[in-house]
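As structure tokens, the structure follows; a few thoughts come after it.
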Amino acid sequence: MVRTALLILTAIVAAMWVTEIVDTVLDHRLDQYGIEPREAEGLEGVATAPFLHVGFGHLLANTIPFVAMGAVIALEGPKRLVLVTVLVALISGLGTWLVAASGSVHVGASGIVFGYATYLIARGVFNRSGSELAIGAIVVLLWGGALLGGLEPQRGISWQGHLFGAIGGVVVASILSRRPEPQP
């Protein structure tokens with residue numbers, strides 16, 4: 001099961017890289033298919049934006065934490081990896097579509113990266129698991145500064161995608177938590 005989950009993670013990352021190669025060849029014309037806030041056509045970007053990036057530097061900056069944290073989530077199996085990825089992408093994308101500035105286009109997998117991070121941090125709290133809390137602490141140590149810095153409004157950076165990705169990770173951790181059985 002873990003092997004299948006890791007293959008899915010690898011396929012997602014490969015799709016991101018192939019898309020960026022094609023986008024580069026096409027002079028970045030695919031980026032127009034990102035999230036366009038409050039435009040009906042912009043809703044397609046909720047599905048496509050995680051595969052689109054503003055160059056290879058942006059893609060690499062997302063790939064490293066995406067793979068590292070995605071691999072930890074993959075240890076829970078393919079169903080969990082897919083659920084976390086899809087639900088976080090939906091919450092991040094729809095939140096961005098609702099609140100980001102009109103006339104802007106948002107691309108990148110960082111909403112999912114932020115969601116992976118907060119999922120890994122929050123699941124230990126919801127599951128009351130020492131090992132999961134330890135993993136969450138490692139995530140905070142490695143990426144905590146980037147998480148906080150990514151929420152600061154900066155020109156050219158979708159803090160909305162980061163914020164709603166982070167919210168999505170907590171929501172998904174809550175939904176997928178193992179609730180203890182009530183004691184009689």
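Since every read-out is calculated from the coordinates, none of them should be taken as a lab result. From a predicted model like this one, the values you see are computed outputs, not experimental measurements. Cβ: placed from backbone, ideal geometry, glycine included. Neighbour counts: every protein chain shown.
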Once the Cα atoms of helix 159-175 and of the chain are each reduced to a long axis, what angle between those two axes, in degrees from 0 to 90 to the nearest 10, is obtained? 30
To the nearest 10 degrees, the tilt of helix 78-99 (Cα long axis) against the first principal axis of the alpha carbons of the chain is 50
With +1 on the Cβ of every Lys and Arg and -1 on the Cβ of every Asp and Glu, the dipole magnitude of the stretch 2-175 about its Cα centre, in debye rounded to the nearest 20, is 600
Arrange GLU36, GLU76 by Cβ neighbour counts within 10 Å, fewest through most, would you? GLU76, GLU36
Once the dipole of the stretch 2-175 is set up with Lys and Arg at +1 and Asp and Glu at -1 on Cβ about the Cα centre, which of SER131, ALA11, LEU90 lies farthest towards its positive end? SER131
Of GLY144, GLY111, GLY156, which has the largest mean-square fluctuation in a 10 Å C-alpha GNM of the chain? GLY156
Once the convex hull of the C-alpha atoms of the stretch 2-175 is built, how many Å³ does it hold per residue, rounded to a whole number? 101
Springs between alpha-carbon pairs under 10 angstrom, Gaussian network model over the chain: which of LEU75, LEU147, LEU26 fluctuates most? LEU26
